[in-house]
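Heads up: the structure comes next, in structure tokens.
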Amino acid sequence: MLQSDHWRNSVNRAMKAEEKQGFINTGAVGGFSSFLLDLLAELDGVFSAENLASMQRIAEEYHEVSPYKRRALWRELQELLDKTTSSDAPGLASGAICGTTSEEASGTFRTTEKVLTSLEVQTGSICHPQNLQYIKGVGPQRAKQFENMGIYTAEDLLRHYPRKYEIRSKRRIQDIQDGEYVTIDGIVTGSQVTKGKVKVVKLNIKQDGRSIHAVWFNQIHIPKQYPDGTKVTVTGKAQWRTRIPELLASEIRKGLYEGPAQKMVPVYSETARLNSKTIREIIQVILPQADRIFDEFFPYEENNLMERRQAIKEIHFPHSAETLKKARERLVVEEILLLQLALARLRSPGPQKAGLVLNQGGALVQKFASGLPFRLTGAQQRVIREIFRDMGSIEKPMARLLQGDVGSGKTVVAMAALLQAVGSGFQAAMMAPTEVLAQQHYESLQAAFEPLGVKVVFLVGNQSKPEREQILGQILSGKAQVVVGTQTLIQESVRFNALGLAITDEQHRFGVRQRTLLQDKGENPHVLVMTATPIPRTLALTLYGDLRLSVLDELPAGRKPIITRKISDRSRSSMEKFLKQHVAAGRQIYVVCPLVEETEKSDFVSATQKADELSRIFEGSSVALLHGRMKGQEKEEIMQRFRRGEIDILVTTTVVEVGVNVPNASVMVIEDAERFGLAQLHQLRGRVGRGQEQSYCLLISNTRDSARLNVLCETEDGFRIAEEDLKIRGPGELLGLRQHGVPELKLTDLGTDGRLVEKAYQLLQKVLKDPQKYEKAYQEVSRLYPKEKIGVN
Ligand code: ADP
Ligand code: MG
């Protein structure tokens, strides 16, 4: 069953999102192009065959072409949609395809009625209550349809929360406004059905001497079901363009209106086969089961929350706006709290033991700091103090998240912590997500620590067997005091003598479980995770509610803002001139491309091709290629040459996205910039602006108006960028949550629910302090988030 506003609204929403996000095929869940294809199936019979064919072609092409070409397709689609509104359904005003549109849909209607009647028969005695199929009236077919929505059990269904609510109120005909959604009751005084392909069915309904026409399409059974003289209540969207108003009816019932003057009716997200009304009716039927399914697990009263079962009932069928608000509050707080707790439990399974007291590194740290070519920023000093306080406390091991925008100087802070551990007689490890970054860390640690007499070793995947054996031996004996490496560090063969501190750099690139595995290499070591992805506070509290937060909110002095510009293909030649000037002045340049090699299907710029092209254009300069598919050794050599200034232009992919630090590089060129995510672009830009020179970031894009690129040109503030990203992409994608097995938030909007997230965070602190009192909450977490389902990367 299609409701005009529904499909049209969802198309409009997806179209807008797609435009806003820069035509990257993300305007709808599961991809904009697949969304269009799905939609086509629904619009059969609504649009002309010719228009449908055009839409089909657009949907198919959309998937394959560049954002630039998509823009043209998008426009074409927009025109089609505009056109179909006025000409395709003759006699229907704009958006007037309402009620059911096909036989199949009236089938839906009948099934729904069946559901209701059959349930009346067997109230309360449902044999297999958890499985939807066994709810009589749902049946295998409908159960399948629910499965396609990810709904398998009565509990799932009760957690399929309304998308919004319609406020319905009983009205007098003369008070109706055009466009309003209303409920009218009266007596049927006549009917008519038009001829032609689309049958327009009208019922004439009289209420206190005034008339209204209720309108349906193709539902020719209506006049028979509601003959003249029948008392009816009809709900729908009003249109008052002629003398007698029309009601594009979506629901009709026998009998005059009874009940509250105003009613909030839930609207559910629906699919082609399962419409909101059907879902609502089934939910209404199983709602009493909430009492059995949703056990209260939290002392709700003392925390000023609505009781759980009541909240579930209220969120589906609210009594009033206030009760709905309380219900939603309860469920949002619950959603965040349980997720926080699941993640906390993953990070530190089992009861907390005492922390190692590591406070003997003072002399080493002093020597290190006085050897630095710069003074630590105030923020660095403060964060180091915070870390040392945790490391020196016997109460429990440190669990701290260090957040600092790109270039804020996190490495130095990490170094101080490493030395504190080493000075106290323990080993320390630092894990980085890429070989390029691990190598860079190794080199800087080596340079800084060797003069202090601290032994640093490097462990990555591509080392020869004898070399590896030797390093593993040093780690096991304790000779290696600091160990730097990639994910190799968590392999089973790696055993420490006494690991006191585990640091993860760019932690967002790791799964939760990988971090825990590093921790497990020691007996309750202190843990520091670092990230350059500034996370909006709400998200940080949600994901890291159990970690203490340190923020480096000050960039080292003397940094100049990076000048960021969006340029189109047309300006390439002037850009090349600009780059030549920089190379001539001894500066270095990154050119980042979205792909390594050309593929047939895409016309994105590939790094290999770009490197060839630039070697020709910049004859006499040194141009090199670096990408993730190269061998470790090769990568290392190229990075070293780039660091030493032997390479002028480094053509690369996102392998340089995180952490890479070459202060003499002052220009970052990003090809097909719209292809990258906002946070990613911010990270890439962060590779320049690390020295004294004025730096530039040039975003090449032919998309004239991309919300994301505009944000980047406007600001360098990572937190603002992250907020925008959160708005544009939603939290799941922002941190690759889904990929890490973290479930989606069903109800919480991290953009607007800040207050509730804070509340959940406060409650979490209570729960973590007193596991006994909150045992039921822990049980609920185990039930909802079984360990094997979450955190695997
Ligand atoms: P990030 O936080 O992105 O990991 P890095 O630790 O790589 O940043 O530091 C970026 C650059 O800033 C490095 O070249 C580092 O030596 C330099 N740096 C760090 N702290 C300071 C400081 N207090 N003053 C000046 N430069 C600093
Ligand atoms: Mg870094």
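The values are calculated or read from the model by the stated rules, or taken from the named source; none is laboratory data. In this text, all values refer to a predicted model and were calculated from it rather than measured experimentally. With ideal geometry, Cβ positions are generated from the backbone for all residues, glycine too; neighbour counts draw on all protein chains shown. For accessibility, only protein heavy atoms count, side chains too; no ligands or nucleic acids. Shrake-Rupley method; radii C 1.70, N 1.55, O 1.52, S 1.80 Å.
Quick notes
- Among the candidates LEU528, LEU476, LEU499, LEU517, residue that is crowded, with 22+ Cβ neighbours inside 10 Å and away from ligand 1 (no atom under 16 Å from the Cβ): LEU499
- Yes/no for SER276 being open to solvent by less than 20 Å² (accessible area, probe 1.4 Å), within 19 Å of HIS160 (Cα to Cα) and under 28 Å from the mean Cα position of the chain (by Cα): yes
- Test: residue in region 403-411 that is away from ligand 2 (no atom under 16 Å from the Cβ) and within 26 Å of LEU552 (Cβ to Cβ): no
- Single match in ARG515, ARG468 (criterion: more than 28 Å from GLN403 (Cβ to Cβ) and in contact with a strand residue (DSSP E or B) (Cβ under 9 Å, 6 or more places away or on another chain)): ARG468
- Among residues of region 159-175 that are open to solvent by 50 Å² or more (accessible area, probe 1.4 Å), those with a beta-carbon under 7 Å from a residue that is hydrophobic (A, V, I, L, M, F, W, C) and assigned to a loop (DSSP other than H, G, I, E, B) at least six positions away or on a different chain give the pairs LYS170/ALA261.
- Of the criteria (1) at pLDDT 95 or above; (2) in a helix (DSSP H, G or I), which one GLN360 fails: (2)
- Meets criteria (modelled with pLDDT of 80 or more, surrounded by 19 or more Cβ atoms within 10 Å (Cβ to Cβ) and part of a loop (DSSP other than H, G, I, E, B)) for ARG708: no
- Residues of region 653-681 satisfying the condition of being within 12 Å of ligand 1 (Cβ to nearest atom), of a type in the set (S, T, N, Q) and touching a strand residue (DSSP E or B) at 6+ places or on another chain (Cβ under 9 Å): ASN664
- Note on region 451-508: enclosed strands (runs of 3 or more DSSP E) holding 2 or more residues that are farther than 19 Å from LEU437 by Cα and assigned by TED's automatic domain parsing to the domain that holds THR531 are 499-504.
- Filter result (in a helix (DSSP H, G or I) and either of a type in the set (S, T, N, Q) or within 16 Å of ligand 2 (Cβ to nearest atom) (or both)) within region 414-425: ALA414, MET415, ALA416, ALA417, LEU418, GLN420
- Long-range neighbours under 7 Å by Cβ, at least six apart or interchain, first residue in contact (Cβ under 8 Å) with a residue 24 or more places away in the chain and of a type in the set (S, T, N, Q) within region 408-433, second in a helix (DSSP H, G or I) and away from ligand 1 (no atom under 14 Å from the Cβ): GLN420/VAL365; GLN420/PHE388; GLN420/MET391
- Tally, over region 548-564, of residues that are surrounded by fewer than 22 Cβ atoms within 10 Å (Cβ to Cβ), closer than 30 Å to GLY425 by Cα and not charged (D, E, K, R): 2
- Residue count for region 386-408, restricted to those that are away from ligand 1 (no atom under 13 Å from the Cβ), open to solvent by 10 Å² or more (accessible area, probe 1.4 Å), within 17 Å of THR504 (Cα to Cα) and in a loop (DSSP other than H, G, I, E, B): 1.
- Checked against (1) open to solvent by less than 10 Å² (accessible area, probe 1.4 Å); (2) within 16 Å of ligand 2 (Cβ to nearest atom); (3) in a loop (DSSP other than H, G, I, E, B), LEU376 meets all criteria but (1).
- Candidates ALA585, ALA611, ALA607, ALA624: the one that is among the small types (Gly, Ala, Ser) and touching a helix residue (DSSP H, G or I) at 6+ places or on another chain (Cβ under 9 Å) is ALA624.
- Filter result for the condition that a residue is in the same structural domain as ASP390 (by TED's automatic domain parsing), under 30 Å from LEU341 (Cβ atoms), open to solvent by less than 60 Å² (accessible area, probe 1.4 Å) and part of a helix (DSSP H, G or I), over THR542, THR533: THR542
- Among the residues of region 495-514, at least one is of a type in the set (A, V, I, L, M), modelled with pLDDT of 95 or more and farther than 16 Å from VAL413 by Cα.
- Just one residue in the set LEU684, LEU650 is under 19 Å from LEU579 (Cα atoms) and more than 16 Å from ligand 1 (Cβ to nearest atom); that residue is LEU650.
- With respect to the conditions (1) among the polar types (S, T, N, Q); (2) assigned to a loop (DSSP other than H, G, I, E, B); (3) near ligand 1 (Cβ under 8 Å from one of its atoms), THR411 falls short on a single one, namely (2).
- Contacts under 9 angstrom Cβ, first residue in region 514-535 being more than 16 Å from ligand 2 (Cβ to nearest atom), partner open to solvent by less than 10 Å² (accessible area, probe 1.4 Å) and of a type in the set (Phe, Trp, Tyr), 6 or more apart: LEU518/PHE510
- Verdict on LEU579 being touching a strand residue (DSSP E or B) at 6+ places or on another chain (Cβ under 8 Å), assigned to a helix (DSSP H, G or I) and modelled with pLDDT under 90: no
- Hey, LYS206 farther than 22 Å from ALA272 by Cα and assigned to a helix (DSSP H, G or I) or not: no
- Residues of region 155-173 that are at pLDDT 85 or above, part of a loop (DSSP other than H, G, I, E, B) and within 30 Å of ARG210 (Cα to Cα): ARG172 alone.
- Checking each residue in region 614-668 for being open to solvent by 30 Å² or more (accessible area, probe 1.4 Å), under 20 Å from GLY485 (Cα atoms) and within 16 Å of ligand 2 (Cβ to nearest atom) picks out ARG643, THR654, ASN661.
- Odd one out for MET430 among (1) in a helix (DSSP H, G or I); (2) surrounded by 21 or more Cβ atoms within 10 Å (Cβ to Cβ); (3) touching a helix residue (DSSP H, G or I) at 6+ places or on another chain (Cβ under 8 Å); (4) of a type outside the set (Gly, Ala, Ser): (1)
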